[in-house]
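Just so it is clear, none of the values below were taken in a lab; they were calculated from the coordinates. None of these values were measured; they are calculated from a predicted model. Virtual Cβ from ideal backbone geometry, glycine too; neighbours counted across all protein chains shown.
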Amino acid sequence: HAKEKASQEIRHQFAMPDGVSPIKINEKYERFNEGHVAFYHPSSVMIPNFKGETKFWVFSMMDQKQNLINTAQHAPGVKAPSVAEARSARAWESAAWTLNEMLGYGKPNRKMHLWDNFKAAKDWPHIYNKAPDEKDPAILTNQIKYVTRLAGADLVGIARLNRNWIFKEAFTTVSDKPEDDNNFITKPINFKDIEKPTETEDEYIIPNSFANVIVSAFAMNRDMMQCLATSMAHAAAALCYSRMVAHDMWICQFIRNQGYYAIPSCNGVGQSVAFAVEAGLGQASRMGTIITPEYGPMVRLSKIFTNMPLIPDKPIDFGVTEFCETCKKCARDCPSKAISEGPQSYEARDIHNANGRYQWHNDHKKCLQYWVESGGDCGICVAVCPFTKGNIWIHDGVEWLIDKTRFLDPVMLGMDDALGYGKTRNVEEVWKGKINTYGLDTSHFKDTETTGKDRVKKS
Ligand code: SF4
Ligand code: SF4
């Protein structure tokens, strides 16, 4: 309750005026093509594996994962006590991805990310395909905020659907049959006067009536993330992706059962950080992630687009931009030097950035190359960010956040490491640590050994 109260106070204190988007664009901006993301674009996807054999980056990364297990390492240069222990952490990393992999990777209208009602809803004819009964935006907003939390979201916000952030073209598969997984295509996403979300041979169509987006944030386990660039850190992100899929399925079906339409998206369909900023979850950072007051950048984001009438939240400004201008810790610690140390700009550095959007433009190609080299999705920038202390900021009191000048104090930046917030952990320490449901709220990382032994004895 104390945390929820502090969270609400921060949002109230730092709310921006109605109708103001904190994200600036100029006349050169056009909706970003998802096919230009470094993961997908032909100019960046072929990367040599550790033996120098050039392959699609996922396969080169898989080769490195296997190599690291064989040589008893959690990450390059991070020794595991044995091959068995290196394998255990990789086993959990792979398992944590399971739901996301099985259910569609966020690809629009594929597998469980369907744009229309699930077949299962036909078992509920008294609510299926029936016109809405509840139309009061205040009641519906309250219900949505309640059920998203029940479905595992740690934070939720609502924004008016800003079409600038919807991808001009989605990177998708021809169909959702497993054998077609490699038949990747890009397909335009357009808005039209139609009743429900639709996919044709040539395009995805979002109805013009879709005015709102619900953005949910899922907290990653900080202790796992602090095992820098190891399989344990990758598992923290992977688990969130799987949680997101389950959440999106539940919430979309709730919306449809109320007589409205909903599009799930997880990471797909549009630029998650931009939507989350406009929904008041936090601010965009130098490293490109959102920074929330509660969890810093230690979150993953999913969006649900809908025609359900809802009341939007206000964006917040709690000083992240000014802090990032001074800090640059992520840029200094990034092993591939992918993060800009310069100022924000409207100019994209290459095809992988959104030209005309005012932000720090980072080198996503270099980042991806390091993922292949290190055998996973890195995350060092997230782990070292001073905001990763998350709830501790709230424990320190709202006054800390109100006093923005302290943000800009280089001495305070140095203190961040001295106070142990920039701490790194090893994988074995995490296996023995305290654990709660989904690994959340483990900020008091004490008496790990006792807790670990107790857990083994009880089981
Ligand atoms: Fe901003 Fe510093 Fe965090 Fe980078 S490490 S995102 S510069 S606060
Ligand atoms: Fe750099 Fe790693 Fe962050 Fe990529 S994930 S930007 S390589 S620190």
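Mind giving me the FRET efficiency for K366 and K5? R0 is 45 Å, r the Cβ-Cβ distance, nearest 0.05 is fine.
On the way: r = 42 Å, r/R0 = 0.93.
That gives a FRET efficiency of 0.60.
Kindly put F167, F50, F210 in sequence by how many other C-beta atoms sit within 10 Å of each C-beta, fewest to most.
On the way: F167 25, F50 16, F210 21.
Listing F167, F50, F210 from fewest to most nearby Cβ atoms yields F50, F210, F167.
I'd like the isolated cysteines in the chain, meaning no second cysteine's beta-carbon lies under 4.7 angstrom from theirs.
Within the chain, the cysteines lacking a partner Cβ under 4.7 Å are C227, C240, C252, C266, C324, C327, C334, C367, C378, C385.
Based only on Cα atoms, what mean projected area does the convex hull of the chain have, in nm²?
On the way: hull surface 91.3 nm².
In nm², the orientation-averaged hull projection of the chain is 22.8.
What whole-number distance in Å separates the alpha-carbon centres of region 95-167 and region 361-384?
A separation of 30 Å, based on Cα centres.
Which of the residue pairs K107/K314; K65/K423; K3/K434; K192/K303; K328/K432; K3/K389 have a Cα-Cα distance greater than 23 Å in the structure shown? Kindly include the intermediate steps, with their values, before the conclusion.
On the way: K107/K314 29 Å; K65/K423 25 Å; K3/K434 20 Å; K192/K303 20 Å; K328/K432 33 Å; K3/K389 14 Å.
With Cα atoms farther than 23 Å apart: K107/K314; K65/K423; K328/K432.
I need E34, E325 ordered by Cβ neighbour count within 10 Å, fewest first.
Numbers: E34 26, E325 14.
Starting with the residue having the fewest Cβ neighbours, the order is E325, E34.
Can you tell me how region 121-263 classifies by the Cα gyration tensor, rounded, prolate or oblate, using a/c under 1.5 as the rounded cut?
Taking the square roots of the gyration eigenvalues as a ≥ b ≥ c, region 121-263 is oblate.
Starting with the fewest neighbours, write out I189, I380 ranked by other beta-carbon atoms found within 10 Å of each beta-carbon. It would help to have the intermediate numbers written out before the result.
Working: I189 24, I380 21.
Going from sparsest to densest Cβ surroundings: I380, I189.
I'd like to know which of T292, P312, L228 lies farthest towards the positive end of the charge dipole of region 218-320, counting +1 on Cβ of Lys and Arg and -1 on Cβ of Asp and Glu.
Among T292, P312, L228, the one farthest towards the positive end of the dipole of region 218-320 is L228.
Using the beta-carbon distance between A15 and N142 and R0 = 30 Å, what value does 1/(1 + (r/R0)^6) give for FRET efficiency, to the nearest 0.05? Present the calculation step by step, with values, prior to reporting the outcome.
Working: r = 19 Å, r/R0 = 0.62.
Efficiency for this residue pair is about 0.95.
Which whole DSSP H helices in the chain pass both tests: a Cα extent of 24 Å or more along the axis and a mean Kyte-Doolittle value no lower than 0.0? Mind showing how you got there, number by number?
Numbers: long enough: 231-257 (39 Å, 0.43).
Span-like helices, by this rule, are 231-257.
So how far apart, in nm, are the two label points at M102 and T186 if each is 7 Å from Cα heading toward Cβ?
Simple spin-label model gives 3.3 nm for this pair.
Which residue, T71, I47, F32, has the largest displacement toward the positive end of the dipole of region 1-123 when charges sit on each Cβ (Lys, Arg +1; Asp, Glu -1)?
T71
To the nearest 20 debye, what charge dipole does the chain have about its Cα centre, counting +1 at the Cβ of each Lys and Arg and -1 at the Cβ of each Asp and Glu?
Details: 55 positive and 55 negative charges, 143 e Å.
Dipole size: approximately 680 debye.
For the charge dipole of region 54-209, defined by +1 on Lys and Arg C-beta atoms and -1 on Asp and Glu C-beta atoms about the Cα centroid, which residue among S88, N162, L103 has the Cα displaced farthest towards the positive pole?
Positive-end residue among those listed: S88.
Report the net charge of residues surrounding N355, where surrounding means a beta-carbon distance below 10 angstrom and charges are Lys +1, Arg +1, Asp -1, Glu -1.
0
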